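Single-structure report; data block below.
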Amino acid sequence: MNDAPTSLLAPDEPQPVTVTNEGGTSPFVIVGDHAGKYLPRCLQMLGLHEAECERHIAWDIGAGAVGCLLGDALDAVVIRQNYSRLVIDCNRTPGSQTSIVELSELTTVPGNIGLRKDQVEARVREIFQPYHDRIARELDRRRQAGAAAVLIAVHSFTPVFKEAARPWHISMLYNRDPRLANVLMDLLRREPGLVIGDNEPYRVTDESDYTIPVHGEQRGLPHVLIEIRQDLIAEEAGQRWWAGLFAQLLPQAYQRLVSSPQAEH
């Protein structure tokens with residue numbers, strides 16, 4: 001299996017990135033680091049059964065659909081990564097321990113064991129880099145045009161992890177800049193019945209994340225990573241409900257942010 005050719009993607013396979021609503025006029029730039037679950041044919045499903053490739057270890061279930069619905073509602077550009085995070089995690093720094101995992105949760109990934117340097121480089125070059133280059137081009141274009149940009153990363157998390165139940169319905173994640181996350185959490189607390197996480201069940205760090213630190217923090221842009229519990233967005237009805245909620249809350253949060261004396265930091 002590790003004799004796969006250095007060239008990873010065949011010409012007839014999906015592109016690594018899908019952009020929808022490219023001409024959107026909203027300040028929001030919505031990204032989906034784990035939106036896709038495709039596996040390059042040459043990797044032979046990484047030695048996994050098909051059922052494993054449908055689980056959360058392979059992708060953020062429902063996150064891509066919520067992102068697209070949100071983009072439609074807000075007239076916002078949506079940039080999604082199409083390949084499974086088991087090939088390479090597009091929210092990790094290449095070369096880091098969790099960029100290409102040999103063990104995901106409790107599942108061994110045979111096709112990631114003992115990779116040659118050129119095989120790792122092919123995954124970075126053909127999947128990771130095109131995705132982040134496309135995000136960077138969109139943000140560069142806005143900067144050059146003097147247009148606003150607010151980075152929104154949409155993810156999902158499992159209701160149970162290694163037998164530990166996770167009670168949160170929704171969580172806002174951040175690192176050095178909590179401004180947008182804090183405003184959104186304040187608005188979400190007005191919604192009846194929601195259990196809201198503050199940097200739960202993860203938090204953004206330089207070691208565990210890439211998209212927010214590189215495209216949000218380093219550029220000084222307002223940003224937030226939204227985590228939705230995946231059982232709530234596994235079906236279309238839930239995806240539409242959450243997209244509808246954030247279509248209302250994100251403009252309110254952004255308006256509050258830009259009108260606040262603390263908007264600049």
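At-a-glance table
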{"read-out": "Positions within region 1-59 being within 30 Å of L250 (Cβ to Cβ) and among the small types (G, A, S), in sequence order", "value": "G23, G24, S26, G32, A35, G36, A58"}
{"read-out": "Residues satisfying the stated conditions in region 83-97, i.e. open to solvent by 20 Å² or more (accessible area, probe 1.4 Å) and over 15 Å from T211 (Cβ atoms)", "value": "G95, Q97"}
{"read-out": "Filtered residues of region 126-172 (kept if among the aliphatic types (A, V, I, L, M) and part of a strand (DSSP E or B))", "value": "V150, L151, I152, A153, V154, V160, A164, A165, I170, M172"}
{"read-out": "The lone exception for H215 - which of (1) within 17 Å of the chain's Cα centre (by Cα); (2) surrounded by fewer than 19 Cβ atoms within 10 Å (Cβ to Cβ); (3) of a type outside the set (A, V, I, L, M, F, W, C) it fails", "value": "(2)"}
{"read-out": "Number of the condition not met by E126 [criteria: (1) in contact (Cβ under 8 Å) with a residue 12 or more places away in the chain; (2) of a type outside the set (V, I, T); (3) touching a strand residue (DSSP E or B) at 6+ places or on another chain (Cβ under 7 Å)]", "value": "(3)"}
{"read-out": "The one condition in (1) on the phi > 0 side of the Ramachandran plot; (2) under 19 Å from the mean Cα position of the chain (by Cα); (3) not acidic (D, E) that K162 fails to fulfil", "value": "(2)"}
{"read-out": "Answer residue from region 173-214, given it is of a type in the set (S, T, N, Q) and outside any loop (DSSP other than H, G, I, E, B) and is farthest from L245 (Cα to Cα) among those", "value": "T211"}
{"read-out": "Any chance L225 is crowded, with 22+ Cβ neighbours inside 10 Å and touching a residue at least 24 places away in the same chain (Cβ under 8 Å)", "value": "yes"}
{"read-out": "Residue among P192, P159, P178 that alone is open to solvent by less than 50 Å² (accessible area, probe 1.4 Å), without any contact (Cβ under 8 Å) to a residue 24 or more places away in the chain, over 24 Å from V77 (Cβ atoms) and not hydrophobic (A, V, I, L, M, F, W, C)", "value": "P178"}
{"read-out": "Count of residues meeting criterion [open to solvent by 50 Å² or more (accessible area, probe 1.4 Å), of a type outside the set (G, A, S) and either farther than 23 Å from R125 by Cβ or touching a strand residue (DSSP E or B) at 6+ places or on another chain (Cβ under 8 Å) (or both)] in region 15-36", "value": "3"}
{"read-out": "Failed item, numbered, when I100 is tested on (1) in contact with a strand residue (DSSP E or B) (Cβ under 9 Å, 6 or more places away or on another chain); (2) surrounded by 21 or more Cβ atoms within 10 Å (Cβ to Cβ); (3) free of Cβ contacts under 8 Å to residues at least 60 places away in the same chain", "value": "(1)"}
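The values are calculated or read from the model by the stated rules, or taken from the named source; none is laboratory data. These numbers were taken from a predicted model, which means no experiment stands behind them. For neighbour counting, all protein chains shown are included, and Cβ atoms are generated from backbone atoms with ideal geometry for every residue, glycine included. Ligands, DNA and RNA are excluded from the accessible area calculation, which covers all protein heavy atoms including side chains. Shrake-Rupley method; radii C 1.70, N 1.55, O 1.52, S 1.80 Å.
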